[in-house]
1. Using a simple spin-label model with points 7 Å from Cα along the Cα→Cβ vector, what separation in nm is obtained for Asn346 and Val323?
2. Provide the gained length on full extension for the span Thr403 to His229, in nm with one decimal, where the gain is 0.36 nm per separating residue minus the Cα-Cα distance.
3. What order do you get for 96-105, 151-160, 121-130 when each peptide is scored by the mean count of other beta carbon atoms within 10 Å, highest first?
4. Under a crude label model (7 Å from the Cα following the beta-carbon direction), how far is Lys186 from His306 in nanometres?
5. Once you have the Cα-Cα distance between Glu62 and Phe482, take 0.36 nm times their residue separation minus that, and quote the gain in nm to one decimal.
6. Calculate the length of the line joining the C-alpha centroid of region 371-412 to that of region 140-185, in whole Å.
7. Let me know the whole percent of all Cα-Cα pairs from region 114-238 that are separated by more than 25 Å.
8. Pull up all non-local amide H partners of Glu151: gap of 5 or more, or a different chain, and H-to-H distance under 5 Å with H placed in the peptide plane.
Amino acid sequence: MKRQEVPPHLPNDKKPRLDPQMSENKEESAFQSVGDQVENVDNSVRVLDAEDAEGHPIQEVESLCMNCHENGVTRMLLTKIPFFREIIVMSFECPHCGLKNSEIQAAAQIAEKGSRYVLKIENKEDFNRQVVKSETATCVFSELELEIPPERGQLTNVEGLLAEMVENLKNDQPARKEALPEIYEKIEAFLSRVQDCLDAKEGLLPLTFYVDDPAGNSWIEYTPGQPAHQWSMHEYNRTAEQNVFLGLLSADDVAQQKKIETEQKKAATSLNVLSSLEKENPTSLGFGSNDNDDIENLANEVQTFHATCSSCFEPCVTHMKTVNIPHFKDVIIMSTVCDHCGYRSNEVKTGGEIPEKGRKITLKVTDPDDLARDILKSETCGLNIPDLNLDLTPGTLGGRFTTIEGLLSQVYDELHTRVFSQTSDSMDQETKQRWGSFFAKLQDATEGRIGFTIVMVDPLASSYIQNVYAPDNDPNMVIEEFVRTHEQNEDLGLNDMKTD
């Protein structure tokens, strides 16, 4: 191997070098959980003795200062955020001009879906919630009418976001005072209001804080046992424009996708015309009585049809099966797999019209056999188990058709994987004990050692728990109907529907 020459213009103390004391542990993956391994570390990178709680080394590399164009130093730490994912924390400092800055970047790939976090800030402690804001995320404080557009990534807290914004506005206030006194006064009043919010003065809280990231790489810290209304996370399919913004698609790809959608709409229109003609005169189109039997048999078969991947917009295959739930209704189980990008999704959809009222189902689980009951949780259903301090907001886990035991196991597996990973050492002891107590009770409930009450609230009445006493009433289950609120109708898009 040819030896790499060091550029002669660099002084000796600035020459890039590889620390000879690098241990075998520091040659291992920076992300132990994903098994990646850096095999060839560039000679310009120096691994320091400092490391985080997981043993991930801090790397140091010379880089150009964009302020004075001299060489500065960038330090990088590849680490993980508890309950979240891997990130890269970077800090730059120039010894020549004194410029300093820091930022974070997502080390993981762009998520399959975008994410939107909502936090209700109700007291001063909530301002200490950790926030991961990627370079593609938009932050909004509704009551303050404040929006922070996508910019450099940050690892901070809610107070830090507001404090940085205040500092940036204050820097230009002297110039505004001379040139634009009216705007200066308005900004001063706004800054005073923000500071009063940070001080949690009476009458200014709660604040609603949103983080919307089409890349799905942002996050707001969750506190175990908090009320369901205070924190929520919703995943959504990105629009074509958002995929262009992220660089996943070009403008030409979007134009092609719109062309495909137009052709699909034309094909659907033609199919509807044929369906209408068939109803008017079935024999004229060649449909006989035997065909009716074939159509009825379709409900017993897995249907396969071509679709378009919502991630890469390439052709993919979707499988669909209709399942009849006794004493309830038909549901549609759908599965999509894309061979081009690997995207996979599973959904459970309920059929039929939108009911006039929502439904609340309360079941007391008193026997281990109750864990074998079938349960259908639709996407619009919220699930609450007060005995376990478990509260799933609508949209969490998507639509699921399983058993009560299966649903609890899925909640346990997904949460436990995120919380008690290699990064659990970075949690404070109190938080770790609270999570440990939560998972212990959840495990006891899953194995039938303790009883609990499960409450499902579905504004579309599309969720179900099996009645093992059917057709008689279940003594341990209460089913109630309720009138949807205006907010629930707004979330479901029902207020905008015109049925006249």
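FYI, it's all coordinate maths here, none of it is from the lab. Given the structure is predicted, the values throughout are model-derived calculations rather than measurements. Note that each Cβ is placed from the backbone with ideal geometry, even for glycine, and that neighbours are counted across all protein chains shown.
1. About 0.9 nm separates the two model spin labels.
2. 60.0 nm
3. 151-160, 121-130, 96-105
4. For the pair Lys186/His306, the computed spacing is 5.5 nm.
5. Extra length available between Glu62 and Phe482 comes to 144.8 nm.
6. Cα centroid of region 371-412 versus Cα centroid of region 140-185: 41 Å apart.
7. Within region 114-238, distances greater than 25 Å cover 27 percent of Cα pairs.
8. Ala137
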